[in-house]
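Participant: Following this message is one structure expressed as structure tokens.
The values are calculated or read from the model by the stated rules, or taken from the named source; none is laboratory data. Bear in mind that the values here come from a model prediction, so they are computed numbers and not experimental data. All Cβ positions, glycine included, derive from the backbone under ideal geometry; neighbour counts span all protein chains shown. Just the protein is used for accessible areas: all its heavy atoms, side chains included, with ligands, DNA and RNA removed. Shrake-Rupley method; radii C 1.70, N 1.55, O 1.52, S 1.80 Å.
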Amino acid sequence: MNLVYIHGNHATADSFNFIRSKLPGHTDIPLEYDSGHGFYTNHASMLKRLDGLDNLFFIAHSLGGIHALHLADELGSRVLGGVTMSTPYGGSEAAEVVSCLLPFSQVLQDIKPRSAPIIAAKDIALSVPWTNLVSTAGHSPFMLAANDGVVTHDSMRHRSDIRLVDIDCNHFDIVLNQEALGIIRQELKQAERALAGRVALYA
């Protein structure tokens with residue numbers, strides 16, 4: 001199975017070093033991107049990187065989860081499932097405010113609730129098991145709604161068609177969290193069973 005790792009904004013693939021060290025026996029595909037290039041430019045580069053690969057399972061953090069969702073939609077049956085962490089599927093209301101002060105920030109434009117990537121994501125119907133880990137600790141006083149220090153709980157819980165699991169940690173520590181790792185392992189086992197079923201069907 002190919003594990004596709006997509007980091008969050010301003011992070012790198014190194015943010016998954018802990019998780020990757022605990023999930024041996026798979027092919028790791030860490031995807032790097034620069035939010036300043038724009039969501040769809042990055043999307044095209046990621047799609048090209050995954051060209052010709054099957055049996056994909058996404059593990060993504062924050063904005064990386066939005067990328068994973070869009071990629072899963074395009075790649076269809078080549079995807080077995082995914083686990084995202086602290087992903088704001090409803091967008092960031094804080095970005096609406098901050099973008100007024102930083103109008104040239106591409107990532108703020110891409111993550112607003114009414115941005116093209118977020119609106120398009122709402123129309124994506126998942127056909128594989130998908131989980132979002134909701135980081136419930138941490139708090140930014142700049143947001144009125146309950147949040148993990150970066151995004152609101154409501155945004156992380158925005159989708160009703162995926163499994164939601166609360167994790168008691170903040171937005172950044174979730175990639176180092178043992179409970180999060182355990183859930184990823186559970187979902188990987190389910191994906192492995194699905195893959196074995198496919199192999200048996202066509203054997």
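Participant: Give the range 24-58 a look and list any residue that's among the hydroxyl-bearing types (S, T, Y) and free of Cβ contacts under 8 Å to residues at least 24 places away in the same chain, or say none. Explain how you work it out, then say what you get.
Facilitator: Just the residues of the range 24-58 that are among the hydroxyl-bearing types (S, T, Y), to begin with: 27, 33, 35, 40-41, 45.
T41, S45, listed by residue number.
Participant: Please specify each residue of the range 8-34 satisfying the condition of being over 24 Å from E192 (Cβ atoms) and out of contact with any Leu (no Cβ under 7 Å at 6 or more places or on another chain). First the steps, then the outcome.
Facilitator: Initially, the range 8-34 is screened for residues over 24 Å from E192 (Cβ atoms), giving 8-12, 14-15, 32-34.
Correct list: H10, A11, T12, D14, S15, E32, Y33, D34.
Participant: Of all residues in the range 160-194, which are over 25 Å from I124 (Cα atoms), open to solvent by less than 20 Å² (accessible area, probe 1.4 Å) and assigned to a loop (DSSP other than H, G, I, E, B)?
Facilitator: The one that is over 25 Å from I124 (Cα atoms), open to solvent by less than 20 Å² (accessible area, probe 1.4 Å) and assigned to a loop (DSSP other than H, G, I, E, B): C169.
Participant: Could you grab me the full set of residues in the range 64-80 that are over 21 Å from H26 (Cα atoms) and either in contact with a Ser or Thr (Cβ under 7 Å, 6 or more places away or on another chain) or without any contact (Cβ under 8 Å) to a residue 24 or more places away in the chain (or both)?
Facilitator: Of everything in the range 64-80, just one residue is over 21 Å from H26 (Cα atoms) and either in contact with a Ser or Thr (Cβ under 7 Å, 6 or more places away or on another chain) or without any contact (Cβ under 8 Å) to a residue 24 or more places away in the chain (or both), namely I66.
Participant: Could I ask something else about it? From S62, S105, grab the single residue that is hydroxyl-bearing (S, T, Y) and more than 20 Å from V128 (Cα to Cα). Show your work before the answer.
Facilitator: On the way: S62 fails: more than 20 Å from V128 (Cα to Cα).
Going through S62, S105 in turn, just one is hydroxyl-bearing (S, T, Y) and more than 20 Å from V128 (Cα to Cα): S105.
Participant: Suppose we filter the range 138-152 for residues that are free of Cβ contacts under 8 Å to residues at least 60 places away in the same chain, out of contact with any strand residue (DSSP E or B) (no Cβ under 7 Å at 6 or more places or on another chain), surrounded by 15 or more Cβ atoms within 10 Å (Cβ to Cβ) and in a loop (DSSP other than H, G, I, E, B); how many remain? Steps first, answer last, please.
Facilitator: Looking only at the range 138-152, we keep the residues that are free of Cβ contacts under 8 Å to residues at least 60 places away in the same chain, and these are 138-147, 149.
From the residues that got through so far, the ones that are out of contact with any strand residue (DSSP E or B) (no Cβ under 7 Å at 6 or more places or on another chain) too are 138, 141-142, 144, 147, 149.
Next, from what is left, pick out any that are surrounded by 15 or more Cβ atoms within 10 Å (Cβ to Cβ): 138, 147, 149.
Going one step further and asking which of them are in a loop (DSSP other than H, G, I, E, B), we end up with 138, 149.
Of the residues in the range 138-152, 2 are free of Cβ contacts under 8 Å to residues at least 60 places away in the same chain, out of contact with any strand residue (DSSP E or B) (no Cβ under 7 Å at 6 or more places or on another chain), surrounded by 15 or more Cβ atoms within 10 Å (Cβ to Cβ) and in a loop (DSSP other than H, G, I, E, B).
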